[in-house]
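The values are calculated or read from the model by the stated rules, or taken from the named source; none is laboratory data. Owing to the predicted nature of the structure, the values given are computational and were not obtained by experimental measurement. Reconstructed Cβ throughout: ideal geometry from the backbone, glycine too, with neighbour counts over all protein chains shown. These area figures cover heavy atoms from the full protein model, side chains too; ligands, DNA and RNA do not enter into them. Shrake-Rupley method; radii C 1.70, N 1.55, O 1.52, S 1.80 Å.
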Amino acid sequence: MAIDSEFLSSSQEIINIQIVIDTDAITNDYPNPSQDPNNPTGLPHTYMYMVATRGNTIGGSGGADLNVKADVGDVIRWYAVSEYGNFDSSVVIYKLAWYAQDVVFDGETFNVYNRTGILPAKGTAIPVGYSVQNFWFNQATVVAKGTEQYNVQFALYVRQRGVDQPVLFGYYYWDPTITVQS
C-alpha cells in the first residue's frame, strides 16, 4: 500500500499573512492620529489588504478580513509593509489583540531574525549580492477553530525632508476578522 505524500509532511504548518497598508491615504484622511500606543486611532477596512498563500486562503484575500484554512497547532505569521515597501512611509505591527467572538489564536509574539538576504547589485537587478538583514513578523499559534475578531495595532512612520531617521506619525488600528477552519 502506498502512503500519500500529504501524510509525510509535518503536522504543523506556518501560514504567512502579508498586510499592505495604504499609508498615503491614511496620512491624508487621518492627519491627527493618536500619539499613545495604548489608545490608537481606529480605521475603517479600506486602508489595508491582507493576503495568504492560495492553499491556505478560504476567502477575503485582498481585503481587510481574511479567512484561512488551518489546524490547531499551526502557526500564523503577520508581516506588514506600506505601499512603499517601508521605503518612504513605514509600518510596524506592535500588537494583535482579541476583542470579540471565538479565541482562535494564543497571545502573539514579535520576532526579529537576522539572516542572509538578497541584495541587488548597484545599477542592475541581477546578479544579486547577499547581506545580513533583519526580518520581523508577529506570530501566534492556532489554539481552536472558529471566527475571531481582533485588533491589529500598528505604528506609522514617515520620512521628512532634512531628517535622516523616519519620524513617528501616529498609532492606528483596525479590527479584522479571521476564520480558521480545516
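Annotations for the structure displayed:
- Single residue of Asn114, Asn38, Asn67 found to be closer than 16 Å to Tyr172 by Cα and either at pLDDT below 90 or among the polar types (S, T, N, Q) (or both): Asn38
- Matching residues in the stretch 74-93 - criterion: being within 10 Å of the chain's Cα centre (by Cα) and of a type in the set (Phe, Trp, Tyr): Trp78, Tyr79
- Ser89 meets the conditions (1) open to solvent by 70 Å² or more (accessible area, probe 1.4 Å); (2) among the hydroxyl-bearing types (Ser, Thr, Tyr); (3) farther than 22 Å from Ile178 by Cβ in every case but one. The failed one is (1).
- Residue that is least open to solvent (accessible area, probe 1.4 Å) [pool: residues in the stretch 109-123 that are in contact (Cβ under 8 Å) with a residue 12 or more places away in the chain and touching a Gly at 6+ places or on another chain (Cβ under 9 Å)]: Leu119
- Checking Tyr130 against (1) open to solvent by 30 Å² or more (accessible area, probe 1.4 Å); (2) in contact with a Leu (Cβ under 8 Å, 6 or more places away or on another chain); (3) closer than 25 Å to Asp24 by Cα, the condition it does not meet: (3)
- Residue that is without any contact (Cβ under 8 Å) to a residue 60 or more places away in the chain, over 20 Å from His45 (Cβ atoms), open to solvent by 40 Å² or more (accessible area, probe 1.4 Å) and touching a strand residue (DSSP E or B) at 6+ places or on another chain (Cβ under 7 Å), where the choices are Asp164, Asp102, Asp106: Asp106
- Exactly one residue out of Ile118, Ile126, Ile76 is among the β-branched types (Val, Ile, Thr) and not in a strand (DSSP E or B), and it is Ile126.
- Residues that are surrounded by 17 or more Cβ atoms within 10 Å (Cβ to Cβ) and either β-branched (Val, Ile, Thr) or in a strand (DSSP E or B) (or both) within the stretch 10-40 comprise Ile15, Ile17, Ile19, Val20, Ile21, Thr23, Ile26, listed in sequence order.
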